[in-house]
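Below is one structure, written out as structure tokens; comments come after it.
The numbers here are math on the coordinates, done by the rules we state, and not lab data. A quick note: this is a predicted structure, and the numbers were derived from the prediction, not measured. Please note: Cβ atoms are built from the backbone with ideal geometry, for glycine as well, and neighbour counts cover all protein chains shown.
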Ligand code: FEO
């Protein structure tokens, strides 16, 4: 499959309708994804990025139908992660001397992955590749989302090839923002930001300021995943500014796991208390062991506060709770409040341990947590409701 983006640019990527997990098993992609590669043809011909390795042969075969591979003057590697560089070995087996334009860090990464002495041409922000009638201008974008990441901007067509930034794991044959369901699109774009870019929000803010200060016209943003932004490309840039600014909604998310339902009963009663005291606050509950981690992280991203609960087991916490705590620690969330809760029968360490890990994860602890012995009866449930009311009231 290929399609014309402009007179000069052809999309030559792969729509992956089957993808359900990304970054190994870490990230769920319920709506698939795409690996976008762009062929830019002026007086010279340049390929911007490739596709994930399972699709390397089909990619090169499709490309060959559009262009004589020997006529490709350069390949731009905006980011070396395998979902974009995976077809390079297949492609370069056919055109081994083609120059690869990339950042200095990408050379380290590409060499580490593929162990080939390719014709690397290291570029920095402001460097240009001239296609004769137009230029590709390189813009380093470290930590959006790897140290090697960069963008490039095509003059004449005013296109920003932004690689992972502004992407979505969203498969669609339509491939343009104005042709797809906007709710699905922004749901995926937000999920992508929450799970992939949150730790790098300070770099996102800086890069957007830099892009704006360049003051160049922007007709299209062509990311490396999902659809192309063409209806009003600044929409997604503005969304990123909002999301990068310690984003939160009037939402509280409760994440818990439970051995014999006592901690679940606590979670539900705490939620009742929150709702009673603050009816406008959205409250979401997830049994961590039964829920999608990517969705849970997205809801923590949207929340102003998070409550984490676990039964005590073997003087510790349930393994699913440990897993999500590690995941949200890595997100480096800022300006979010939190507290722990849990039921216990004997030693009861879970609340203290969760509190400690939430603090290490950068959350502001509202109190020392709430633990309850055995299965909550009506009196215990009322204590939970009261704790929920006090928690939400303390948020101000
Ligand atoms: Fe889409 Fe960082 O790879």
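Nearest 10 degrees is fine. How inclined is helix 104-114 to the longest principal axis of the chain, computing both from alpha carbons? That works out to roughly 90 degrees.
Compute the length gained on full extension between residue 206 and residue 346: take 0.36 nm times their separation in residues and subtract their Cα-Cα distance, giving the result in nm to one decimal.
45.4 nm
Taking label points 7 Å from Cα along the Cα-to-Cβ direction, residue 368 and residue 21 give a separation of 4.1 nm. Highest mean packing comes first when the peptides 122-135, 357-370 are listed by Cβ atoms within 10 Å, giving 357-370, 122-135. P(r) for the chain, from all Cα pairs and a bin width of 20 Å, is 27, 46, 23, 4 %, short bins first. So which residue, out of 190, 285, 254, gets the largest mean-square fluctuation from a GNM of the chain using Cα contacts under 10 Å as springs? Taking springs between Cα atoms under 10 Å, the residue moving most is 285.
Annotation: extensible slack from residue 174 through residue 122 equals 15.3 nm (criterion: 0.36 nm per residue apart, minus Cα-Cα distance). Fully extending the segment from residue 232 to residue 378, taken as 0.36 nm per residue of separation minus the present Cα-Cα distance, adds 47.1 nm.
In plain terms, the bigger the Kirkwood radius, the slower the diffusion; for region 1-73, with that radius from Cα pairs, at 25 °C and 0.890 mPa s, Stokes-Einstein puts D at 186 µm²/s. Both radii are taken from the alpha-carbon atoms of region 12-120; with Rh as the Kirkwood radius, Rg/Rh is 0.97.
Classify region 38-81 as rounded, prolate or oblate, taking a ≥ b ≥ c as the square roots of the eigenvalues of its Cα gyration tensor: rounded when a/c is under 1.5, otherwise prolate if a/b is larger than b/c and oblate if not.
Taking the square roots of the gyration eigenvalues as a ≥ b ≥ c, region 38-81 is oblate.
Descending by average beta-carbon neighbour count within 10 Å, the peptides 82-91, 103-112 line up as 82-91, 103-112, the highest first. Its alpha carbons considered, region 248-396 gives a radius of gyration followed by a Dmax of 13.6, 39 Å.
Exposure proxy ranking for 40, 216, 204, 295, based on other Cβ atoms within 10 angstrom of each Cβ and starting from the fewest, stands as 216, 295, 204, 40. Compute the angle between helix 201-214 and the longest alpha-carbon principal axis of the chain, please, reported from 0 to 90 degrees and rounded to the nearest 10. It works out to around 40 degrees.
Show me, bin by bin at 10 Å from 0, the whole-percent P(r) of region 127-235 based on Cα pairs. Reading upward from the zero bin: 14, 46, 34, 6, 0.
Checking a compactness column here: for region 140-203, what do you get for Rg(Cα) / (2.2 N^0.38 Å), N being the number of residues? Present the calculation step by step, with values, prior to reporting the outcome.
Working: Rg = 13.1 Å, N = 64, 2.2 N^0.38 = 10.7 Å.
Taking N as the residue count of region 140-203, the ratio is 1.22.
For region 349-367 versus region 245-311, the inter-centroid distance based on Cα atoms is 15 Å. Note that region 325-391, at 37 °C in a medium of 0.692 mPa s, gets a Stokes-Einstein diffusion coefficient of 257 µm²/s from its Kirkwood radius over C-alpha pairs.
Sequence-distant contacts, meaning Cα pairs under 8 Å at least 6 residues apart, place the relative contact order of the chain at 12 percent.
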